[in-house]
Amino acid sequence: LGYCPIYFKDKTKANEKSSHRGMSVATFIDRSKFAVIASEGVYYNSMLTSGIQTGRFKKKLLGLREGILLTLVRHLVTDKMVLVANTHIHWDPSYPHVKAQQCAFACDASKAFLQKHAGSSDEPVPLVMVGDFNTLPFFQEEFVPSVQKAWWSTKDLAVIKHGLPSGAYQLLSRGSLKQD
């Protein structure tokens, strides 16, 4: 049909305890409108920074196989570049901090990819981020692990229950995430 398929597939074998093989994502580029300049898949667990992600959080991130497929294209009529970032974020609502971290990794991977492949561009390159974010716009208290619920119980739950944005949503829609 005139599309260029670009596929990022988890090539690891399922572990003994689970049939979960990780994520796979595909991006289809219309060849009549765009030329593919570069494409790369990045696993989020390859992006951990020593001393930043630690303990159980680091162990959880290392055990996951989600990632992002980055495709830089050039529009054939305008000659302008566009970055298409196609991602899959961890599914489990009990790990909102993992989802937020993976969204931060998605942003970091997109920036590094652009610097590598479009660094000499005089114009900003628009980003189209698509995927399965497995995230609702608002915090879901019912899925938070008990250790985190204990911490939240010391806060104003009325504020939380009435629209505290989820970390992943806040980061991607506002460009930043409060430390707390």
| Members of region 37-48 found to be open to solvent by 60 Å² or more (accessible area, probe 1.4 Å) and over 14 Å from Q102 (Cβ atoms), listed by number | I37, E40
| Residue in region 1-24 that is modelled with pLDDT of 95 or more and touching a Gly at 6+ places or on another chain (Cβ under 8 Å) present | no
| said: Can you pull out every residue in region 68-92 that is small (G, A, S) and touching a His at 6+ places or on another chain (Cβ under 7 Å)? | reply: none
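The values are calculated or read from the model by the stated rules, or taken from the named source; none is laboratory data. Since the structure is predicted, the reported quantities are computational estimates derived from the model, not experimental observations. Because the Cβ atoms are built from the backbone with ideal geometry, glycine has one as well, and the counts that use them run over all protein chains shown. SASA here: full protein model, heavy atoms, side chains in, ligands and nucleic acids out. Shrake-Rupley method; radii C 1.70, N 1.55, O 1.52, S 1.80 Å.
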